1. Cα centroids of the stretch 14-56 and the stretch 241-298: how far apart, whole angstrom?
2. Please name which of Ala431, Val410, Phe337 has its Cα lying farthest along the dipole of the stretch 330-431 towards the positive end, using unit charges on Cβ (Lys, Arg +1; Asp, Glu -1) and the Cα centre as origin.
3. I need to check one value: relative contact order of the stretch 1-63, counting alpha carbon pairs closer than 8 Å and at least 6 residues apart, in percent.
4. Excluding ligands, DNA and RNA, what is the solvent-accessible area per residue of the stretch 121-259 at a probe of 1.4 Å, expressed in Å²?
5. For the stretch 330-431, how big is the tail of P(r) above 19 Å, as a whole percent of Cα pairs?
6. How do 407-413, 111-117 rank on mean C-beta neighbours within 10 Å, highest first?
7. Spin-label point model (7 Å from Cα, Cβ direction): what's the Ser19 to Ala95 distance in nm?
8. Would you tally the net charge around Lys300, using a Cβ to Cβ cut-off of less than 12 Å, leaving Lys300 out, and scoring K and R as +1, D and E as -1?
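The values are calculated or read from the model by the stated rules, or taken from the named source; none is laboratory data. Just so it is clear, the structure is predicted and the values come from calculations on it, not from any experiment. Positions of Cβ are generated from backbone atoms using ideal geometry, with glycine treated the same way; all protein chains shown enter the neighbour counts. Heads up: the accessible areas ignore ligands, DNA and RNA and are worked out on the full protein's heavy atoms, side chains in. Shrake-Rupley method; radii C 1.70, N 1.55, O 1.52, S 1.80 Å.
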Amino acid sequence: MSVHPLAQSLNDTLRNGNSIAYTLLSDRGRGIYFPSKGILGQSAEARGKEINATIGTALEDDGSPLTLGCLEEMVEAPKSAFLYAPSFGNPELRAKWKQMLVQKNPSLVEKAFSTPVVSAALTHALSVSGYLFANPGDEIILPDLYWDNYELLFQQGYGASFKLHNTFKEHGYDIDALAAVLTDGGIGKKIVLLNFPNNPTGYTLTDAEAQSIVTTLIAAADAGNKLLVLLDDAYFGLVYKDGITRQSLFSALCNAHENILAVKMDGPTKEDYVWGFRVGFMTFGFKGATEEQYKALEAKAAGTVRGTLSNVPNISQSLLLAAYNKDVYASQKADKFNTLKTRYEKIVDILNTHSEYEESFVAMPFNSGYFMCVRLKGADPEKVRTLLLEKYSTGVIVLAGLIRLAFSAVPYDKLDALFQNLHSAVQEVVAK
Ligand SMILES: Cc1ncc(COP(=O)(O)O)c(C=O)c1O
């Protein structure tokens with residue numbers, strides 16, 4: 001299929017200067033463009049004209065959005081929230097999120113990176129990344145404990161395969177294992193997917209480990225590899241322990257090396273407790289990028305949004321923007337953070353004070369996020385899960401031979417019982 005002139009123009013921009021982003025694009029990624037000259041472009045040109053018969057929304061005779069009163073009554077957002085958002089996302093929200101990224105990651109100050117493009121939450125941002133960068137047969141490097149939806153997203157969705165490495169070594173992240181898979185298979189395009197705080201383990205790197213991962217990735221880039229580093233920051237900010245890195249790896253990677261393109265995917269889903277709003281962001285960074293190159297990557301991402309969902313719900317974007325501009329936002333967010341942190345601390349306390357639980361399970365390293373995992377001793381996890389459901393009215397997840405506990409969803413007062421039930425169920429399964 002021939003490449004559309006608008007795609008060609010974006011590709012030319014991405015090749016002009018440091019061409020890392022162009023090199024990493026998939027065939028689909030090279031073909032996609034934002035249709036700036038079609039209906040959207042013509043509508044933009046007609047904005048403000050006395051008669052505007054271009055766009056497919058309905059307006060009242062006074063020019064305001066034509067809406068149903070019963071819906072309007074329920075929605076405390078500007079009436080414009082009923083209209084389409086741009087495929088790039090609400091411009092004010094994008095600017096606000098960019099500004100918040102710098103506040104949350106102080107070492108981003110003075111670094112150049114793209115303006116975030118709005119996606120329909122993290123899953124969709126990951127899918128857009130797959131669209132833009134993964135060709136069938138491409139390998140994605142990731143730890144062997146990962147969010148299972150990556151399989152649907154990247155394997156089923158884009159025909160990529162996974163090259164897994166061991167996750168933990170001696171209570172910390174197995175960076176040697178990551179380094180080993182990076183050097184495996186010769187020099188070339190390498191896609192690395194990292195997720196901290198991690199689902200399922202609830203692990204975030206220590207400051208030293210974060211530094212070491214950056215050094216490892218730079219070494220792979222120095223060796224001539226072209227690296228796409230996908231950063232799934234879904235649980236960003238939910239770090240409960242000192243010495244654990246508070247900033248996204250994006251802060252270090254967005255200008256680390258000419259051969260590294262970092263893509264940060266994040267959003268309010270877990271950070272701001274709005275799972276059903278379906279808003280997320282994807283942000284690009286690479287060393288030596290020009291403003292035009294960032295605009296070109298944003299256009300390719302927005303073109304992918306346009307060709308899949310058209311655009312992300314405006315009502316969610318409007319509500320979030322309004323919340324981020326409220327004075328109470330920061331303190332309310334801190335309150336909810338403390339609810340989760342207190343549960344984390346309670347679990348640490350339970351594990352420290354119940355040495356008998358060591359007969360049944362060992363906790364995997366955890367310090368952040370929504371989850372923690374335990375490895376059972378001598379009991380089949382699926383049998384334990386079933387017994388927990390049937391006899392103890394307790395639901396847990398079995399994955400990768402582990403049991404995952406979502407303490408984000410368990411009231412503080414039920415945490416003691418959760419671990420006691422788990423211990424009892426393991427002992428019963430072992431005794432059978
Ligand atoms: C690691 C990880 N990434 C992404 C997501 C998806 O987030 P969203 O609901 O924003 O699509 C989840 C949700 O469980 C997750 O655990």
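1. So the two Cα centres are separated by 22 Å.
2. The residue sitting farthest along the positive end of the dipole is Phe337.
3. 28 percent
4. It amounts to 34 Å² per residue over the stretch 121-259.
5. Counting every Cα pair in the stretch 330-431, those more than 19 Å apart make up 40 percent.
6. Order by mean packing, descending: 111-117, 407-413.
7. The two pseudo-label positions are separated by 3.6 nm.
8. +3
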